[in-house]
Amino acid sequence: MAVCVAVIAKENYPLYIRSAPTENELKFHYMVHTSLDVVDEKISAMGKALVDQRELYLGLLYPTEDYKVYGYVTNSKVKFVMVVDSSNTALRDNEIRSMFRKLHNSYTDVMCNPFYNPGDRIQSRAFDNMVTSMMIQVC
Amino acid sequence: MSRPAHRRPEYHKINKDLFVLTYGALVAQLCKDYEKDEDVNKYLDKMGYGIGTRLVEDFLARSCVGRCHSYSEITDIIAQVAFKMYLGITPSVICNNSSRNEFSLILDKNPLVEFVEELPAGRSSLCYCNLLCGIIRGALEMVHLAADVTFLQDRLKGDSVTEIGITFLKKLDEKKYRRKK
């Protein structure tokens, strides 16, 4: 369902990026890169309000003709970006939110690994398995 | 005048995640300080020894176990009372040797390695929980029992279970007792 999942660090470099293996990956990398501008825009727009009113889930960042891009940012400014297929209209907002929540939980587990230094690329098998499960979910 | 058997009825609880993360930070820092796995294992064991010699007093005060008459009783107490009290798990005990002085504790789940998936590259012979071996060794030595405690199997290294082997050596003579460092 998700064709590309990316975890972007606070300094805007990718910690983890993976796309469904069929098409050319560069296109997805470019989409994620351009979505970072939209994320920054949304964060600064909400920045005026009180911090507790700011939600982690950013929602639909921008749609293209084939894909929709969703964003989520944590309080430590780590961003999760997910690209889903537009043709899959059955995907509701709640499902996207729950997918981001699972991503966030797996990310916290990766952070708790004492041998993981924050800022390194994510190389955890459990995280890979979780992303695989999100990508190959059959509609 | 009767005194209740347990002097301190309540345990001060801390957050398990804090404890696990603290232990992980300790091992990660040791890995940064020492290049060789053997050194890290040795220092973890030494630290555990220091903890064990002190922890055994607390354990004996809280648990009020009676005098043990055999090595297998001792190992059972370690597994069922001590591990339960301090880590919340109950490993199972296996006797390896027919002359009854080699035992194994099989841990099916180990709370200390909850967030560690696998050992980092280049650290394949690191015994992550070697502190536990040192603790058991130090505790036994304070009750005048010399023992060799090592990891026989480790899930982090790819084995199916985590197994701690305890080999009881000759009983230390109380008069000639010397603290081993």
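The values are calculated or read from the model by the stated rules, or taken from the named source; none is laboratory data. Everything numeric in this text was worked out from a predicted model, so none of it was measured. Glycine also receives a Cβ, built like all others from the backbone with ideal geometry; neighbour counts cover every protein chain displayed.
A count restricted to region A:66-82 and to residues that are part of a strand (DSSP E or B), charged (D, E, K, R) and either in contact with a Lys or Arg (Cβ under 6 Å, 6 or more places away or on another chain) or closer than 14 Å to A:Asp40 by Cβ (or both) stands at 1.
For A:Asn129, the conditions (1) within 11 Å of chain B (Cβ to nearest Cβ); (2) part of a helix (DSSP H, G or I); (3) surrounded by 13 or more Cβ atoms within 10 Å (Cβ to Cβ) all hold with the exception of (3). Of all residues in region A:96-120, those being touching a Phe, Trp or Tyr at 6+ places or on another chain (Cβ under 7 Å), within 11 Å of chain B (Cβ to nearest Cβ) and in a helix (DSSP H, G or I) number 3.
Would you mind stating whether A:Met46 is more than 21 Å from A:Ser98 (Cα to Cα), modelled with pLDDT under 90 and crowded, with 17+ Cβ neighbours inside 10 Å? Answer is no for this residue. Scanning region A:1-36 for residues that are among the hydroxyl-bearing types (Ser, Thr, Tyr) and more than 11 Å from the chain's Cα centre (by Cα) yields A:Tyr13, A:Ser19, A:Thr22, A:Tyr30, A:Thr34.
For beta carbons closer than 9 Å, sequence separation of 6+ or different chains, a first residue in region A:1-29 that is within 20 Å of A:Thr64 (Cβ to Cβ) and a second that is part of a helix (DSSP H, G or I) and of a type in the set (Ser, Thr, Tyr), the qualifying pairs are A:Ala6/A:Ser35; A:Arg18/A:Thr132. Consider region B:12-61 and keep the residues that are aromatic (Phe, Trp, Tyr) and under 16 Å from the mean Cα position of the chain (by Cα). The one that is nearest to the other protein chains (Cβ to nearest Cβ) is B:Tyr23. If the condition is being away from chain A (no Cβ under 14 Å), part of a helix (DSSP H, G or I) and either under 27 Å from B:Asp17 (Cβ atoms) or without any contact (Cβ under 8 Å) to a residue 12 or more places away in the chain (or both), then region B:88-138 contributes B:Asn130, B:Leu132, B:Cys133, B:Gly134, B:Ile135, B:Ile136, B:Gly138. Residues in region B:129-158 that are among the small types (Gly, Ala, Ser) and touching a Phe, Trp or Tyr at 6+ places or on another chain (Cβ under 9 Å): B:Gly134, B:Gly138, B:Ala139, B:Ala146, B:Ala147.
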